[in-house]
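Data block below; observations after.
Just so you know, all these numbers are worked out from the coordinates, no wet-lab data involved. Keep in mind the model is a prediction, meaning the values are calculated, not measured. Cβ atoms come from the backbone with ideal geometry, glycine included; neighbour counts cover every protein chain shown.
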């Protein structure tokens, strides 16, 4: 039997399509979690009202905010899931090395993030239609046209990708040592309060970190920040996974 | 060409050495049987060759490359055992499709014919197969992938007699049509020895023998007869096993050596003793039994 040279690009491509099929369950859980979030959003995600004289106005906001948050949790969990032992072992049944496996994982999480972004942005429309059709509310739709959607999908995608890179990194740490199952929540809760009680008028450290991304108003700068962080987390995770043995 | 070269290969888990200074090489297009007792390090060795785990020290070269993290080694080899993990979301038919996607030499036609012969359902799921069926399916993937290096670790676990025979026959037929390097680890030496060319016997992580199977059969002989005569004859010979088999009758397995005056068989025959060939499987058991338990499991019950 003659030897064949295996190319990295070809292997990553094969692994990617293999993963799309193997991880089909994560897409069905996306449908599930977004339906659930939709159900919670049916009462409106926010409301305000005022009245004066004979007039009383009550405004309810129907948006995909809650769906977005749920989708972020889904992206985080999906990323952790694919770092677990059975999922890594599926790759090694066929052709792979650790690098191609990680690259295919990144591509998979990217695709999952894109799908999550498109569905969560568009689900806002579905929510508004449902409320208009079935709840007998007067609908005032605010939209900036297709560019509004593209921008929404783009930023949602980068948020999801960022979250999944963090999930992937945390999942990887847990794979090296179960100690991280304790350390990571401790660190997380710790940072929530870190600097929060200091005498100087400072925002909590964790809040600052989130604001670093969320308060960025220039799209290109936000994308730059998100991409750099994502790349950093994926690179760290890949270099750690690169030394992990296949045990089953 | 040498497909696998190991030199002073050592693997330890928590300072316990599972493989100890193992050196051997395997030629291209041969079928090698890897035999050894439970816990001898067979699976560990095979996993290192497949690039699944990393050796602690020493060197292992597969297709002249280090196997750990090598894409070429992964692309040209397949590791088949009953623990092969497949995504539960995919049906058996789809799994065959995935194997075709990954392995360039994959023979879809052969896979399909074996799949139908063994009565698999394309819509079934791998994690719901019985033990024997799991092994059979994995074997189909292993054979049809036609990898230049095919590793079977205990491939017949759970298979019934008929399927085991079919498997060995299929393996041999496909090997003759498409020669490649095959390593089979097995406890059932009697079953596999007909298809093996070489045997690598390891014990406690070290190599005991690496010989063509024909030489293994000539490696030792059994001598039976009057205890005194036998004992006199086997004195200062390498005795692998001895056992009382009746009143004043002793059976001993002795390593043949051509040095000295005539072969041991001739001497035994001259002394009027019965000389028998030793089955390979028995020889391996004798070789790997510890000196302190030469009497076998009987000793456990005799002395308490």
Given a Förster radius of 22 Å and the C-beta distance between residue A:77 and residue A:247 as r, what FRET efficiency does 1/(1 + (r/R0)^6) yield to the nearest 0.05?
0.40
Counting only the backbone N, which residues of segment A:1-42 are under 16 Å from the spot 7 Å out from the Cα of residue B:178 toward its beta-carbon?
A:1-5
Kirkwood-based Rg over Rh for segment B:101-230 (C-alpha set), two decimals?
1.08
Which whole-number percent of Cα pairs in segment A:57-205 have a distance greater than 22 Å?
58
Relative to 2.2 N^0.38 Å, what does the C-alpha radius of gyration of segment B:28-135 come to as a ratio? Two decimals please.
1.23
So how many Å³ per residue does the convex hull of the Cα atoms of segment B:70-132 work out to?
99
Taking only the Cα positions of chain B, the convex hull volume per residue in Å³ is 175
Please give the length that would be gained between residue A:126 and residue A:65 if that part of the chain were fully extended, namely 0.36 nm times their separation in residues minus their C-alpha to C-alpha distance (nm, one decimal).
20.7 nm
If I histogram all Cα-Cα distances within the protein assembly as shown using bins 20 Å wide from 0, what percent of pairs lands in each bin?
17, 38, 26, 13, 5, 1, 0
Honestly segment A:62-141 on the Cα gyration tensor test (a ≥ b ≥ c root eigenvalues; a/c under 1.5 rounded, otherwise a/b vs b/c for prolate or oblate) is just prolate
Give the average, rounded to an integer, of partner chain Cβ atoms located within 10 angstrom of each Cβ in A:92-104.
6
Nearest-0.05 FRET efficiency for residue B:8 and residue A:21 at R0 = 30 Å, using Cβ-Cβ distance, is 0.10
Acute angle (nearest 10 degrees) that the helix A:24-41 long axis makes with the longest principal axis of chain A, alpha-carbon atoms
20
Calculate the mean, over all residues of peptide B:71-81, of how many other protein chain Cβ atoms lie within 10 angstrom of the residue's Cβ.
5
When chain A is treated as a GNM, springs tying every alpha-carbon pair under 10 Å, which of A:32, A:52, A:152 comes out with the largest mean-square fluctuation?
A:52
Cα-projected label distance for residue B:100 with residue A:133, points at 7 Å along beta-carbon direction, nm:
4.1
Could you list A:207, A:74 in order of exposure, starting from the residue whose Cβ has the fewest other Cβ atoms within 10 Å?
A:207, A:74
Once you have a ≥ b ≥ c as the square roots of the Cα gyration tensor eigenvalues for segment A:128-248, tell me rounded if a/c is under 1.5, and otherwise prolate or oblate according to whether a/b is larger than b/c.
prolate
Based solely on its DSSP helices, what 222 nm [θ] is calculated for the protein assembly as shown when runs of n ≥ 4 H residues each add -39,500 (n - 2.57) and the sum is averaged over all residues, nearest 500 deg cm²/dmol?
-16000 deg cm²/dmol
Principal-axis tilt of helix A:98-134 within chain A, Cα atoms, nearest 10 degrees
20
Pairwise label distance in nanometres, residue B:54 with residue B:83, each label 7 Å out on the Cα-Cβ vector
1.9
By the gyration tensor of its Cα atoms, with a ≥ b ≥ c the square roots of the eigenvalues, what is the shape of segment B:1-87: rounded for a/c under 1.5, prolate for a/b over b/c, or oblate?
rounded
Place a point 7 Å from Cα of residue B:65 in the direction of its Cβ. Which residues in segment B:1-42 have their backbone N less than 11 Å from it?
none
Quote the relative contact order of chain B in percent (integer), defining contacts as alpha-carbon pairs under 8 Å separated by 6+ residues.
19
Residue by residue through A:32-41, how many Cβ atoms from other chains fall within 10 Å of the Cβ on average?
0
Please list the three semi-axes, largest first and in whole Å, of the ellipsoid equivalent to segment A:1-140, using sqrt of 5 times the eigenvalues of its alpha carbon gyration tensor.
46, 12, 11
Helix B:131-144 sits off the longest principal axis of the Cα atoms of chain B, rounded to the nearest 10 on a 0 to 90 degree scale, by 70
